[in-house]
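The values are calculated or read from the model by the stated rules, or taken from the named source; none is laboratory data. Quantities reported herein were computed from a predicted structural model and do not represent experimental measurements. Note that we place each Cβ from the backbone using ideal geometry, even for glycine, and neighbour counts take in every protein chain shown. In case anyone asks, the SASA skips ligands and DNA or RNA and just uses the protein heavy atoms, side chains included. Shrake-Rupley method; radii C 1.70, N 1.55, O 1.52, S 1.80 Å.
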Amino acid sequence: MKEYVIPEDKGRLMFYTGLNLILTVLLMVVSIASYAVSWYLLTFLCITGLWFAIKTMFRYGKKLLKNVPVCELKRNEVVIHSLPGKARILTYKQIKEVKLLRGRVSLKFFFSSKEVEHPSGWYYVGVVYPFQKGRLDEVEKNVAECLRKHGISINEVEKK
């Protein structure tokens, strides 16, 4: 059972997918034109950029079509979908510390645990809402309430 689900900003996903689609088409045209005039270095750079643009476009498009949330706070565990690859699962008992960094259009949660596979020892959950800034306060309040219910406090990190 889910206590709270942090959804993705659909506007951001559509915007980034569309922007990467335009970049893909532009890089295709430039690479074809540069190959035609024998500028092979520019062709190579455009094809490399094309690979990254397509990869990014499909990553955002997949999140949009599959309706993948940023993070799920379930009854016994936290499921983090915002990291690349498979979803990461931490039980509330495994979580040692949670830090919060608040930005103008984002909330960044950092979860510390012994089970974290990243060399830094933290899992990152980025709630980026450029088109829904008003929802950030609600998300912050709900996540803090849910974590507090399980005995976990959030340490707010101030920007300097």
(message) Can you tell me which condition residue 116 does not meet? The list is (1) touching a helix residue (DSSP H, G or I) at 6+ places or on another chain (Cβ under 9 Å); (2) over 19 Å from residue 4 (Cβ atoms), and all the others hold.
(response) (1)
(message) Restricting to the range 22-43, count the residues that are exposed (fewer than 13 other Cβ atoms within 10 Å of the Cβ) and small (Gly, Ala, Ser).
(response) 2
(message) Just to check your reading of the model, which residue among 147, 83 is at negative phi, part of a loop (DSSP other than H, G, I, E, B) and not hydroxyl-bearing (Ser, Thr, Tyr)?
(response) 83
(request) Would you mind finding the one in 78, 70, 125 that is open to solvent by less than 40 Å² (accessible area, probe 1.4 Å), touching a residue at least 40 places away in the same chain (Cβ under 8 Å), closer than 19 Å to residue 148 by Cβ and not aromatic (Phe, Trp, Tyr)? (result) 125
(request) Could you tell me which residue of the range 104-144 is farthest from residue 90 (Cα to Cα), considering only residues that are assigned to a loop (DSSP other than H, G, I, E, B) and among the aromatic types (Phe, Trp, Tyr)? (result) 131
(request) Among the residues of the range 93-115, write down those that are out of contact with any Ser or Thr (no Cβ under 8 Å at 6 or more places or on another chain), open to solvent by 20 Å² or more (accessible area, probe 1.4 Å) and farther than 21 Å from residue 68 by Cβ. (result) 93, 101, 102, 104, 114, 115
